[in-house]
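Input: a single structure, listed below in structure tokens.
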Amino acid sequence: MKTEPAPVERPPTTPAASAWSGLRTLVLDLHDRRKEVSAALDMSFIRAKALRKLSSGPLTMRELTAQLATDPPYTTLVVDGLEKRGFVRRAVHPDDRRAKIVSITSAGRLMSARADAILNEPPAALLALSPDDLAALDRIVGVLLAASETD
């Protein structure tokens, strides 16, 4: 005689927890573009992320390490790889000879723009929403972002 598995007890969920779970699933599971960026740029996503950070302007190695949330030796490896491909330049900081400053090159800027284009392409499910639903979603996301800036 075959027995049915016992149902899994799930804790009650709040509307906020349910919405957060849905957003996480949409962005991180169903439409995670990191692999697509890595394949298109032929580099790890952390290198693409470094290029995107540097596209706003030069950073010291310490600043880049903080923005990437990596440790200094790993940031050095990331920058070494980007420098070998001609996407960044590293130089002595003009005000502190002990510090290095990293700048993006025009080739690196093109790669950063390519990554941004891939990451910013809305998924088909989002494009299929009605104009009213898109406007409501955009408004809600704006509220969430504004609230996050004050945290």
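Coordinate-derived values only; no laboratory data. On a predicted model such as this, the values are computed, not experimentally measured, just so you know. Ideal geometry is used to build each Cβ from the backbone, glycine not excepted, and the neighbour counts take in all protein chains shown.
Observations, loosely collected:
- Table column - 3J(HN,Hα) (Hz), the range 119-134, Karplus curve with 6.51, -1.76, 1.60, x for Gly and Pro: 5, 8, 6, x, x, 4, 4, 6, 5, 7, 5, 5, x, 5, 5, 5
- In this rough spin-label picture, where each label sits 7 Å from Cα along the Cβ direction, the Ser106-Leu129 distance is 3.9 nm.
- Inter-site label distance for Arg114 and Leu77 at 7 Å from Cα along Cβ, in nm: 2.3
- Stokes-Einstein D (µm²/s) once Rh is taken as the Kirkwood radius of the chain over alpha-carbon pairs, at 25 °C in 0.890 mPa s: 131
- Normalised convex hull volume, the range 48-129, alpha-carbon set, Å³ per residue: 106
- Cα shape, the range 9-73, gyration tensor, a/c 1.5 rule: prolate
- For the chain, the number of Lys pairs with C-alpha atoms closer than 28 Å, counting only pairs eight or more positions apart or on separate chains, is 8.
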